[in-house]
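Trainee: Before we start, here is the structure in question, set down as structure tokens.
The values are calculated or read from the model by the stated rules, or taken from the named source; none is laboratory data. These numbers were taken from a predicted model, which means no experiment stands behind them. Here the Cβ positions follow ideal geometry from the backbone for every residue, glycine too, while neighbour counts run over all protein chains shown. Surface accessibility is based on the protein's heavy atoms, side chains included, excluding ligands, DNA and RNA. Shrake-Rupley method; radii C 1.70, N 1.55, O 1.52, S 1.80 Å.
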Amino acid sequence: MTDAVKIDEPVVAAPAAVATPAAEDVAHRAAKHHQQQQQQQRGKRQGKERKYQAITEGSATMSYELRGDDTRTKGKNDDDGPVFYNRVQTFNRDLSILMMSLFAQWRYIERAEARARKGLRGEAADEAARAERDKLYALSAAELDDCLRADAKTDGFCILDALAATGLRSIRYAKEVPGVRRVVANDLDADAAEACKRNLDANGVEASQCETKCGDAVIAMLEARAGGPGRVSYDVIDIDPYGTCAPFLDAAVQCVSDGGLLCITSTDMTVLSGNYPEVCYARYGSMPTKAKHLHEFALRIIVNAIETSAARYQRHILPVLSVSVDFYVRVFVRVYRRPIEVKKSCLKRAYVLQSTGCPSFYIQPLGRKSPKGDKFGAALVHVKKDATLAINSSTSAAARRRKKRNEADDDAAERQQEQQGEAHNDDDDAAEQHQEQGGGVSPGDAAPAAAAEAEVVASSAAVDASDEVKADDDDLDVVPKFCGETGAPFKIGGPIWIEPLHAKDWVTAAIDRVEAGVDKYLSTTERLHGVLTAISEELSDVPLYYTLPDMCSTLHCSSPKLAEVKAALTHAGYQVSQSHRDPDAVKTNAPPRIIWDIMRCWCRRHPVNERRLADTETAASKILSVEPKLNANFSTTLAMRTKATKARRWAPNPEENWGPKAAARGRKRPRHY
């Protein structure tokens, strides 16, 4: 007699050689009983009372499922539901809609220029493209949006919302961004995909306009990478994960179309800020320094990681906007397939040498150009930036022949100079002999000769002085072996992106669009205007910054007004600005010695307590023991103290607990028998 099979244990099928009708009957009954239990469990779950909350954001309204007994999450609030939603990210979504709308306009103009060039060459093609561009530039943003909506079905672009969750973001993209042909809302969690489909239907979004998928975002992007029949080419890819964006970057740079837009969010600021440097290096290939400029450092780490991934596939990136707000960073970059630009990637990255004794830091680029600019090599350390050495010098026969010809030409030039010098000496000897014989120099000739000699002496002295000043200025930019202020060693951070984080024309266009009120569904326009205004005032070509409280804390001195420090740097001939993230930032192209000379001058006017300087080994004692070479001028003008544009640049949080939420992990699943 066959043994009975327990229902609470896995059923193992008997080998075919020993199968009997009785055994097959027992297995069939066990499988049927297991199916009945699953149906009962599913009925219990569906029979539970679900609570929903109606949420309206922009043009979208959704029914958000609140936290229940079977919700898998560490959150304890009612809004910690099985599918993730955080209303703090409303600014993020509004900013994304704004930037995608600008991308739609730029794309429309670029494609119109390409059509105008078709069939033409040279100046005629350039003239036709310029005329088409000027015609479109003359239109207002609202008029250009109307053109985009009219051509959306034939020439629109496709958006991939790789981590859609409730689908709120996808719904807003489909309804608010002009020129969208199709939106694909993808999520790995089945509950999220179901909620997304339900919200799409409730908002009247057609399936042809927005498609819902349930699957891995990386696989979805890699499948679309090659294009071809039945595959979607994504012009915009939005990646907004809970945590790090690192696992998605490699697939995203392959999948996006040429000239497409990547919208990347990363919320792992604990890692990017330097609390776990080993994790940061494992994820992004960069080491954080945990200095006060950590927010911008995090942005530059993310952009560097995107550029690294893109360069593997003969692509390069152009950041159009990069912001650090609340508890996350958000970057918008365009991706182009330009192999010749990929070669310049080493010039756009650098290491950061951060002093361990004070806030001083130096930027050490990774690469440099050859004197002719056609080759690239490793950068030099502890030398002037304009130092030129041969890079990858060729040893071919042709190169050797060129070298010999150059050497022969140099020898001929030297012999010619020697002959001219001998002839000049003969003329001088003849003149001296004439003077000895009583010829002399006429009074009319003596004055011009003396004046000419004095002019030569004065000009040579001026040249020597200017060369001395220039050499001194150049030496300020040389990375020393140890900190020039405290003698402390450096810690190495990076590599990071050192090119601009923003495109000025995009930022200006975004401000104009917000001020014009074109996007009527944006609810955070005041904050958008403030953040974009602060970004527009940043120095775009200066990486990282100091903070005034950090410098004053190092010296144990009273704090000057930020306007006074900015005035001193401006009077010294340097540029200075603040940061869109930190109102106390001092972002300047001045080298560390100039910055500390200004602080030394301030401390002379406002002396530091002597007890603070009793220990000669402290950073304050070492810095203040050096005589300043710069006489700082702290006087300010009304223009320096007044902002050019009225905007709320650094708005406080609107309420308490304005930050990240606990991760949503769906519902608790019953065990399978």
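Trainee: Within the range 285-305, can you find the residues that are open to solvent by 10 Å² or more (accessible area, probe 1.4 Å) and either free of Cβ contacts under 8 Å to residues at least 40 places away in the same chain or assigned to a loop (DSSP other than H, G, I, E, B) (or both)?
Mentor: Of everything in the range 285-305, those that are open to solvent by 10 Å² or more (accessible area, probe 1.4 Å) and either free of Cβ contacts under 8 Å to residues at least 40 places away in the same chain or assigned to a loop (DSSP other than H, G, I, E, B) (or both) turn out to be Gly285, Pro288, Lys290, Ala291, Lys292, Leu294.
Trainee: Would you call Ala185 in contact with a Cys (Cβ under 6 Å, 6 or more places away or on another chain), modelled with pLDDT of 95 or more and either assigned to a helix (DSSP H, G or I) or among the hydrophobic types (A, V, I, L, M, F, W, C) (or both)? Walk me through it before giving the result.
Mentor: Values: in contact with a Cys (Cβ under 6 Å, 6 or more places away or on another chain): yes; modelled with pLDDT of 95 or more: yes; either assigned to a helix (DSSP H, G or I) or among the hydrophobic types (A, V, I, L, M, F, W, C) (or both): yes.
So Ala185 fits the description; yes.
Trainee: (1) assigned to a loop (DSSP other than H, G, I, E, B); (2) among the aliphatic types (A, V, I, L, M); (3) touching a Lys or Arg at 6+ places or on another chain (Cβ under 8 Å); (4) within 20 Å of Gly260 (Cα to Cα): which one isn't true of Val205, the others all being true?
Mentor: (4)
Trainee: Which residue is farthest from Arg107 (Cα to Cα), if the candidates are limited to the range 144-164 and must be surrounded by 24 or more Cβ atoms within 10 Å (Cβ to Cβ) and in contact with a helix residue (DSSP H, G or I) (Cβ under 6 Å, 6 or more places away or on another chain)?
Mentor: Going through the qualifying residues, I end up with Ala164.
Trainee: Only residues that are over 15 Å from Ser579 (Cβ atoms) and either open to solvent by 40 Å² or more (accessible area, probe 1.4 Å) or modelled with pLDDT under 95 (or both): list them for the range 523-562, please.
Mentor: Of everything in the range 523-562, those that are over 15 Å from Ser579 (Cβ atoms) and either open to solvent by 40 Å² or more (accessible area, probe 1.4 Å) or modelled with pLDDT under 95 (or both) turn out to be Ser523, Thr524, Thr525, Glu526, Arg527, Ser553, His556, Ser558, Ser559, Lys561.
Trainee: Look at Asp258 and say whether it is among the acidic types (Asp, Glu), at negative phi and open to solvent by less than 70 Å² (accessible area, probe 1.4 Å). Working first, answer last.
Mentor: Numbers: among the acidic types (Asp, Glu): yes; at negative phi: yes; open to solvent by less than 70 Å² (accessible area, probe 1.4 Å): no.
It is false that Asp258 is among the acidic types (Asp, Glu), at negative phi and open to solvent by less than 70 Å² (accessible area, probe 1.4 Å).
Trainee: List the number of the failed condition for Val271; all other conditions in (1) β-branched (Val, Ile, Thr); (2) within 16 Å of Ser309 (Cβ to Cβ); (3) in a helix (DSSP H, G or I) hold.
Mentor: It is condition (2) that Val271 fails.
Trainee: Mind checking which residues of the range 318-369 are of a type in the set (A, V, I, L, M), within 18 Å of Ala291 (Cα to Cα) and open to solvent by 20 Å² or more (accessible area, probe 1.4 Å)?
Mentor: Leu353, Ile363
Trainee: Looking at Asp126, Asp161, Asp134, which one is charged (D, E, K, R) and touching a strand residue (DSSP E or B) at 6+ places or on another chain (Cβ under 9 Å)?
Mentor: The conditions single out Asp161.
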